[in-house]
Amino acid sequence: MDWVNIAFWVFAIAATVSAGAVISVRNPVHAVLCLVLTFFSIACVWLLVGAEFLGVALVLVYVGAVMVLFLFVVMMLDIDPDKLREGWVRYLPVGLIVAVAMLVQMLILIGVKGRTVNPFPADNAAALAADSSNVTWLARSLFTEYLLPFEFAAVILTVAVVAAVMLTLRRREGLKTQNPSQQTMVKAHDRLRMVKMDAEQPQIHSNTTPAAGDEETKA
């Protein structure tokens, strides 16, 4: 078994284990960290097979942007925030495990690329046949041959985002809500009120009593 197959099995096992942990752990923060490791492991697989654009896009888009959205949704759930803030050090071991696993995967990927002169002889066969780069071939295939599945996936993601926002905007007791329609229809006289008041000279009342020596002097 060569280095490429060994690295592939390492990345695949890491992605499978972390994906199982996403749906098995009870702590939402731990689940998010495991999902980060899952995305990163899959990105390493893409880089291993020569699809650099997909691997980098997976790290930048999903790990960098979608995970922020997931954390936002987790914070909007009916979870006591005080319990999440208490003892944040307890999340440190899981975070260190995820960080070490990602570092090991990066070192394995760099080592495989460095040990083999031509590790992927069959890489980008379709792109080479089309006499174009990997990114050009991917864009042409995605927006021509697979345009309908691409648009269908975009519609599903849009519906999911709208549904998530609607779930977070449900009415709850004891929480202040905003009405955007009323905010946009507000007028200037609704926000500012001019009040005319007469200026009065404040009267200063002295509460001090004359001393005994002062009374004798006046007498």
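Determine the pairs where a residue that is under 16 Å from S41 (Cβ atoms) and touching a residue at least 12 places away in the same chain (Cβ under 8 Å), located within segment 1-25, has a partner that is of a type in the set (S, T, N, Q) and surrounded by 15 or more Cβ atoms within 10 Å (Cβ to Cβ) with Cβ atoms under 6 Å apart, the partner being 6 or more residues away or on another chain.
That search, which allows pairs on different chains as well, returns F11/S41; A14/S41; A15/T38; A15/S41; S18/T38; A19/T38.
Report, by residue number, each residue of segment 187-219 that is surrounded by 10 or more Cβ atoms within 10 Å (Cβ to Cβ) and modelled with pLDDT of 75 or more.
Across segment 187-219, there are no qualifying residues.
Residue pairs, Cβ under 6 Å, 6 or more apart or interchain, first in segment 50-78 and in a loop (DSSP other than H, G, I, E, B), second modelled with pLDDT under 80. List them.
Qualifying pairs under 6 Å: G50/F120; G50/D123; G50/N124.
Which of the residues that make up segment 168-186 are assigned to a helix (DSSP H, G or I) and modelled with pLDDT of 75 or more?
First, the residues of segment 168-186 that are assigned to a helix (DSSP H, G or I): 168, 180-184.
The answer is P180, S181, Q182, Q183, T184.
Being in the same structural domain as W9 (by TED's automatic domain parsing), under 24 Å from A164 (Cβ atoms), at pLDDT 85 or above and not hydroxyl-bearing (S, T, Y) is the requirement here; does C44 meet it? Give the steps one after another, and end with the answer.
Details: in the same structural domain as W9 (by TED's automatic domain parsing): yes; under 24 Å from A164 (Cβ atoms): no; at pLDDT 85 or above: yes; not hydroxyl-bearing (S, T, Y): yes.
When the stated conditions are applied, C44 does not pass them.
Going residue by residue through segment 50-60, is there one that turns out to be at pLDDT 75 or above and exposed (fewer than 12 other Cβ atoms within 10 Å of the Cβ)? It would help to see each step written out before you state the result.
Our first condition is that a residue be at pLDDT 75 or above; within segment 50-60, this holds for 50-60.
Add one more test, that the residue is exposed (fewer than 12 other Cβ atoms within 10 Å of the Cβ), and what stays is 60.
Looking for residues that are at pLDDT 75 or above and exposed (fewer than 12 other Cβ atoms within 10 Å of the Cβ), one finds at least one in segment 50-60, hence yes.
The values are calculated or read from the model by the stated rules, or taken from the named source; none is laboratory data. Not measured: the values here are computed from a predicted model. For neighbour counting, all protein chains shown are included, and Cβ atoms are generated from backbone atoms with ideal geometry for every residue, glycine included.
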